[in-house]
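Structure record follows, encoded as structure tokens.
The values are calculated or read from the model by the stated rules, or taken from the named source; none is laboratory data. Bear in mind that the values here come from a model prediction, so they are computed numbers and not experimental data. Every residue, glycine as well, gets a Cβ built from its backbone with ideal geometry; the counts of neighbours run over all protein chains shown.
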Amino acid sequence: MERFYIFHICMAAYGATFAIRSVSAIIEGSTSLPITVAGIAGVGMIIASVHEVLTRSPSDFEIGNLAFWAVVLGVVGFLLFQIPELF
């Protein structure tokens, strides 16, 4: 799988975590500005990642090794700590 797709899947998963946590908090009755903004940001990250995958060419994607692995490992680490809280 190309780095282009891995990078954008990670970014979409990161955004989905924010959106899901915000929606679950709103359903529980907790509405505040930070929760609403986190939900909007999460949906925005999902939309931006999908847009990039659909409109850009993987051959035009350039990112350094350090930045790529920092994003991938950061998202994996973030998800490992967030997934138990979602259920």
Answer yes if at least one residue in region 35-47 is among the hydroxyl-bearing types (Ser, Thr, Tyr), loosely packed, with under 14 Cβ neighbours inside 10 Å and outside any helix (DSSP H, G or I), and no otherwise. no
Quick check on my filter: what residues within region 34-62 are touching a residue at least 24 places away in the same chain (Cβ under 8 Å) and more than 19 Å from residue 16 (Cβ to Cβ)? 56, 58, 61
Where residues in region 1-18 are among the aliphatic types (A, V, I, L, M) and over 9 Å from the mean Cα position of the chain (by Cα), which of them is nearest to residue 82 (Cα to Cα)? 6
Across region 49-72, what is the number of residues that are over 17 Å from residue 5 (Cβ atoms) and not small (Gly, Ala, Ser)? 1
For residues in region 12-33 being free of Cβ contacts under 8 Å to residues at least 24 places away in the same chain and under 30 Å from residue 54 (Cα atoms), which is surrounded by the fewest Cβ atoms within 10 Å (Cβ to Cβ)? 23
May I ask you to verify whether residue 72 is at pLDDT 90 or above, over 14 Å from the mean Cα position of the chain (by Cα) and surrounded by 12 or more Cβ atoms within 10 Å (Cβ to Cβ)? no
